[in-house]
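Quick notes on the structure that follows.
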Amino acid sequence: MKAYHLTTFGCQMNEHDSERMKGMLESLGYREAADRDQAELILFNTCSIREKADTRLAGHLGEAKRLKGEDPEKVIGVGGCWSQSMKERVFEQFPFVDVAFGPGQVHRLAEFLTSDSLTAQGYFEFEGFTGHLPMRRARDFQAWMQISVGCNCRCAYCIVPSTRGREVSRPADELVAEAQQLAADGVREVTLLGQNVNSYGRDLPRDLKTSFAELLAMVDAIDGIDRIRYTSPHPKDMREDVVRAHAELDSVCEHIHLPLQAGSSRVLKAMRRTYDRGRYMNRVAMIRDVLPDVSLTTDIIVGFPGETEAEFAETLEVAEEVGYDSAFTFIFSPRRETTAAELCDAVPHEVKRERMERLVEVVQRRAYERSQRFVGRTVEVLVEGQSRTDPDRLRGRTRHNKTVNFSGVGEPGEMVWVDIKSATSTTLAGEADAADEPAVHGRLVDAADEPAVHGRLVDAADEPAVHGRLVERQLTKRGRLRCRSR
Ligand code: SAM
Ligand code: SF4
């Protein structure tokens, strides 16, 4: 049996494509090797969003070249966005590469491996999805689902439209069937992936048209899927129907990632984001009005060409005012084939670094303050495994997308209730509630005479027992009762 080794760079979309690559290779009879030197097939799923990703890849390819020098039979493959952005130049720059393919061409890798071709091949069409390929997931209970590929926006700094093409949505019935299969396989949490999830479905033929909010409702209706997440929405398309879905659908988690990019309206215009500071803040107000407790996270770029000190100060103001639960912060990096790369008014690197430090200080301070609202609360945690810092504790994630380290008992994939004792800007710490009892999730109990308290704990000292134990009860968004043992 031949072995492969796959290294993945970049975003969740790439992680998901890699799951499909692994599934496909395993269906061809390959097994995964722990190290590159033990593999007959050395693969890279690349990213090109920032320059740093290119530099890192060059180092890894150097090692692949050395290994191929020792054993010329080895096959070297380079997939993903960097490969797509370079196309045939991959072979000019790295002549030892045997096969190169873009994100829409993963299936062509199988074609190459099963053919007798001895010449290097490149596959760079935009042909669609990896959705029909077999998948090998990292965790049995969590899955990604790609709802669309590509992007029709033209953000001045971004390489994605040229590496992933125009937006194409997958029909809702195909996605529902995939989610049903995932649920049947034991998946409890799905993350819907797209470059702009809110514009999902607009490109579908009239008889198949489905909005993103409708898609959320369809996935929510599937038994067994307890949590739905998605990334990323674009603020220009963030409509109230989607925000209401968070309030009304039990599975849709209390977390929204709303990329800001910059706080200054002039910079946003130069970035071609198609919203200004006021419109962004209105979206935040609408979200907080409907979902007062929601976690808000964001992406911010510092040092876009021409960004002045006063304009950067506006980014700080927005970060201060919104109070994000966390933020991905990026230093602007000029990318091939983007209009921002042509702009000459570059911000000096030292200035970018210094602005980044100031931004991170605001983001972390506000995130720390926001985190404190969880202290003293009992939250539902999906157990992911052992704590990374203390092997005697467990690690999991809340519906608000906070990592929790806690003491107690729980298997990966189980929901447990955790009493939160302390919080930093990034993680919560606590103790599993009710010793060894898993949360009884979404169990239907007659709630006719219950007050409609949305998501608040109802004191249940004298409640009837479920499974012979007293329970505390929490009403879900739809007035169903979640019970937890006492
Ligand atoms: N489609 C998503 C959106 O619009 O929010 C995200 C796409 S991108 C994979 C993730 C983030 O990378 C962007 O939100 C942006 O903040 C950052 N990014 C993209 N291009 C960049 C560049 N040239 N320099 C620095 N950061 C960049
Ligand atoms: Fe890139 Fe903008 Fe599309 Fe996001 S919305 S993928 S930042 S072009």
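Some observations on this one:
- Under 5 Å between amide hydrogens, built in the peptide plane, is the criterion, and for Trp144 it picks out Thr191 among residues at least 5 positions away or on other chains.
- Footprinting exposure proxy ranking of Lys402, Lys74, Lys52, fewest other C-beta atoms within 10 angstrom first, gives Lys52, Lys74, Lys402.
- Long-range tail of P(r) for region 81-169 (Cα pairs > 22 Å, %): 38
- 0 to 90° range, to nearest 10: angle between helix 51-70 axis and the chain longest Cα axis: 60
- Beta bridges assigned by DSSP with both partners in the chain are antiparallel in approximately 40 percent of cases.
- Surface/4 of the Cα convex hull for region 9-143, nm²: 8.1
- An ellipsoid equivalent to region 239-363, defined through the eigenvalues of its Cα gyration tensor, has semi-axes of 29, 15, 13 Å when rounded to whole angstrom and sorted largest first.
- As a ratio to 2.2 N^0.38 Å, the alpha-carbon radius of gyration for region 300-367 is 1.14.
- Label point 7 Å beyond Cα of Val351 along Cβ direction - residues of region 289-323 with amide nitrogen under 11 Å: 303-312
- The GluC sites (Glu not before Pro) of region 69-111 that meet both conditions, a loop assignment by DSSP and at most 12 other Cβ atoms within 10 Å of the site Cβ, are Glu73, Glu88.
- Fraction of alpha-carbon pairs over 20 Å apart in region 257-325 - percent: 24
- Sequence-distant lysines (8 or more away, or on other chains) whose Cα lies within less than 22 Å of Lys421: Lys402
- Restricting the calculation to Cα atoms, region 337-413 yields a radius of gyration followed by a Dmax of 19.6, 57 Å.
- Pairs of alpha carbons in region 168-311 whose separation is greater than 25 Å (percent): 34
- All aspartates and glutamates inside 15 Å of Lys269 as judged from Cα atoms, apart from same-chain residues fewer than 8 positions distant: Glu307, Glu311, Glu314
- Each listed q (0.06, 0.09, 0.10 Å⁻¹) maps to a log10 I(q)/I(0) for the chain from the Debye sum over equal C-alpha point scatterers, namely -0.30, -0.69, -0.85.
- Per the Kirkwood formula applied to alpha carbons, region 103-251 shows a radius of gyration over Rh ratio, Rg over Rh, of 1.00.
- The average projected area of region 148-196, computed from the convex hull of its Cα atoms over all directions, is 4.0 nm².
Every number here is computed from the coordinates shown, using simple stated rules; none is lab data. From a predicted model like this one, the values you see are computed outputs, not experimental measurements. As a convention, Cβ positions derive from the backbone with ideal geometry for all residues, glycine included, and neighbour counts pool all protein chains shown.
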